1. Which of the residues spanning the stretch B:182-196 are open to solvent by less than 30 Å² (accessible area, probe 1.4 Å) and in a strand (DSSP E or B)?
2. Is it fair to say A:Lys157 is surrounded by fewer than 17 Cβ atoms within 10 Å (Cβ to Cβ) and closer than 23 Å to A:Leu40 by Cβ?
3. Is it fair to say B:Leu108 is at pLDDT below 95, within 8 Å of another protein chain (Cβ to nearest Cβ) and within 18 Å of A:Ser140 (Cα to Cα)?
4. Across the stretch B:12-68, what is the number of residues that are farther than 30 Å from B:Arg93 by Cβ and of a type in the set (Lys, Arg)?
5. List every residue pair whose Cβ atoms sit under 9 Å apart, with the two residues 6 or more apart in sequence or on different chains, where the first one lies in the stretch B:151-171 and is at positive phi and the second, anywhere, is open to solvent by 70 Å² or more (accessible area, probe 1.4 Å).
6. List every residue pair whose Cβ atoms sit under 6 Å apart, with the two residues 6 or more apart in sequence or on different chains, where the first one lies in the stretch A:192-220 and is acidic (Asp, Glu) and the second, anywhere, is open to solvent by 10 Å² or more (accessible area, probe 1.4 Å) and part of a strand (DSSP E or B).
7. Go through the stretch B:152-176 residue by residue and tally those that are of a type outside the set (Phe, Trp, Tyr) and assigned to a strand (DSSP E or B).
8. Can you go through A:Glu78, A:Glu59 and tell me which one is without any contact (Cβ under 8 Å) to a residue 60 or more places away in the chain and either in contact with a helix residue (DSSP H, G or I) (Cβ under 9 Å, 6 or more places away or on another chain) or of a type in the set (D, E, K, R) (or both)?
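The values are calculated or read from the model by the stated rules, or taken from the named source; none is laboratory data. Computed from a predicted structure; not experimentally measured. Note: ideal-geometry Cβ built from the backbone for every residue, glycine included; neighbour counts use all protein chains shown. Just the protein is used for accessible areas: all its heavy atoms, side chains included, with ligands, DNA and RNA removed. Shrake-Rupley method; radii C 1.70, N 1.55, O 1.52, S 1.80 Å.
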Amino acid sequence: MADENEHEEYDSDEEVEMTAADVLLKLEEAWLNEKFAPELLESKSDLVECMLEQIQQMEENLTRCKKGDFRIIIHRMELDRIKYIITSYLRIRLSKIEKFVHHNLEKELNREDSESSKLSNEEFVYAKQYADNLESHLKSVAIKHMPPNLQNFDKDKTAPRPNLESYIFLKVTEDQEGVMVEEETDEHENEIINLEKGAQHIMRYKPISKLVENGSVSLI
Amino acid sequence: MAKMFGEKALELIRELHRSSEGTLPPYNDDTLRQVLEEMRALYEENQKDVGATVAGEQGLFAGVQFRHASLERNKRCLLAYLYNRIQRIRTMRWEFGIALPKDIKENLSEQEVLWFNKYSKGLGDYMKSIGDAGLDLTQDMQPPKSLYIEVRCLVDVGEFETEDGTIILLKKNSQHFLRRSQCEHLIRQGILEHIV
């Protein structure tokens, strides 16, 4: 596979703990998780940056290659595919940031120092700017012209929030014992299930959201 | 004919609901003003009644409550109308790029154009800040199926320089075999057509 050649050439350049192929696998996993999760997940910007550097190096190497070399086509396809994964990942994040902008900003402002941020620095700047733009538009076009007692714009009440109860498909990557799954109906109390490695399930997102975060399950 | 409060506001919502997903009907400033006018009238009636109640008159509370509910409904419909238009305009930034086609731009209000430009700038700033050299997220929107694609030129454009320096003459109806990544934005603008 083209991947093997790549990591031989570039691994020696920097002190990476993972090979380029590993980074790509992790990025693919992050991309799929982000695609299927109803809420915004942790930002994997270090993976993105690493992969972008790899792409740059690969492109440089390709320009130095003899023109007409068959392998160039294969490598360029690989580059196009990787670029698609990266841009798709960032686009999905952007659309979730925009859709739930107030919710995400609120979470960011209220989080403890020990928790990690879901938004990268650049995404935070973007989210703030988007929220301000939207709010000033609604205020200047409509709210400003409304009667005085209706001019409060209560974002907490009106902001869209992600539906954590939506169902998702998942694949178990590490054995998990004693996962607590609350039943929707009042009949059963909290049910405890065991997840076996390699098994696939469909269930609500909320009980397993922590497992997605630490990588013991991945969404499919 | 008895008029119901909130009817005009509902008209706005219906207008959006009837139009199909990718389109944007013209900004309905008239109806919007009428809704705001209705809100002002309702508010003034309420002010009168509140004043009268303080002065000792009875039985006005139900009316005040009813008008207040209508006011809240109007507010909700207006905000929904504006917010949903913004959503569609946002999608257009991703579809058409920074410059909107004239016939679409006509349907936007001045403030919506302002919003669009601010959104474009915010997006541009964010894209520039990715990695070392920035990353254009509006490219590579589809998973790549092949490296080169067959395209037909729809409009006379003239000379076009490809990545490796070769110059191609884009004349109407001419066909070319080009790198997919270079054609993407030309296809979206309607200059080239992907031959499947």
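1. B:Leu192 - this is the single residue of the stretch B:182-196 that is open to solvent by less than 30 Å² (accessible area, probe 1.4 Å) and in a strand (DSSP E or B).
2. yes
3. When the stated conditions are applied, B:Leu108 does not pass them.
4. 3
5. B:Gly158/B:Leu169; B:Gly158/B:Lys171
6. Cβ pairs passing all conditions: none.
7. Summing the residues that are of a type outside the set (Phe, Trp, Tyr) and assigned to a strand (DSSP E or B) in the stretch B:152-176 gives 11.
8. A:Glu59
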